Amino acid sequence: MIAPQIIPRRTVAFLDILGFRQSVLTTPLPELAVKYEQRIAEADAMNHLVSGIPSLFPNHSPSTPSCQRFVFSDSIILVSVDDTAVSALKLLIHAWRLSQSFIAFQMPLRGGIAFGELYSNPLRNICLGRALTTAYDLEQSQAWIGVAIHSSVEEAFPELLSPDNEYHGLIDDIFLRYPVPMKNGTSERLTTLNWRFNLVVEKGTRSLFASDGPPDVMQKVANTLKYAETVVGSGRIYVADQSNLPVELRSMWIGGKEPPFPHGDNL
């Protein structure tokens, strides 16, 4: 049982489901709850160890969560179990898969990930501190659908997000440097979680986002599709031979027939 304590070093993700208030007002609650829980369950399932399939974390016990998770309405908070690089990576992979799962099923998710001081009490569902505030502020400042990583994570674990990290060739495709669009009209070059990587959508990426809506919503969609276009241009979209790919990074297929099938558009 984890005791509450002041922890000077933790990686924290603050994830927010955009447009959730409108969904609460327009969608029957049982239907919305099932949809929400399915997205989380899918992300969890994609990270489970499977006999005979490589894993990024072969010594991780299936009965142990990859990170702490707090869920309240449209907000999901993830906290690393300790201050090590491997625990930070477990959180980053889980946040990547969560963002992919929610975006794939048209529940747009935006987030920020930071590192720093934190008070965490899972027994009472209490979580507060500078790392959480920094992650929240980063999430709120972005004008798109996606997840950005604060510089505090890279400063704490320079080996983790570097092209020369020990997992190079396995996870570098999900960490993409990009000029993230901000609500103040500027952009900030940050490392992002590449939700487009190994996501195959039968109807194409455009089908995942609103085609009509208020100007601010459509601007976020346009910014997100521009990101997807950049990802496609970078080639970080798909690994054809997944036989040696870790289970945590394998493809998510979204469509009405059995995979494999081609992606539906050039985004």
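The numbers here are math on the coordinates, done by the rules we state, and not lab data. Everything numeric in this text was worked out from a predicted model, so none of it was measured. With ideal geometry, Cβ positions are generated from the backbone for all residues, glycine too; neighbour counts draw on all protein chains shown.
Remarks
- Given 13 as the ceiling on other Cβ atoms within 10 Å, longest exposed-site-free region of the chain for trypsin sites (Lys or Arg not before Pro) in DSSP loops: 1-123
- Average silhouette area of region 63-112, convex hull of alpha-carbon atoms, in square nanometres: 3.9
- The count of lysine pairs in region 5-254 whose Cα atoms are under 28 Å apart, excluding pairs fewer than 8 places apart on the same chain, comes to 9.
- Working note: Karplus 6.51/-1.76/1.60 with θ = phi - 60° gives region 28-44 the couplings x, 4, x, 5, 5, 5, 4, 4, 5, 5, 5, 4, 5, 5, 5, 5, 4 Hz, where Gly and Pro are set to x.
- Pair-distance distribution P(r) for region 101-164, from all Cα-Cα distances in 5 Å bins starting at 0: 4, 17, 19, 19, 20, 16, 6, 1 percent.
- The convex hull around the C-alpha trace of the chain, projected and averaged over every direction, spans 14.5 square nanometres.
- Fewest neighbouring Cβ atoms within 10 Å first, the residues I126, I76 line up as I126, I76.
- Least to most buried among W96, W195, W253 (fewest other Cβ within 10 Å first): W253, W96, W195
- Exposure proxy shown here: for H150, H60, the number of other Cβ atoms within 10 Å sets the order, fewest to most, as H60, H150.
- Rounded to the nearest 5, the antiparallel percentage of DSSP beta bridges internal to the chain is 85%.
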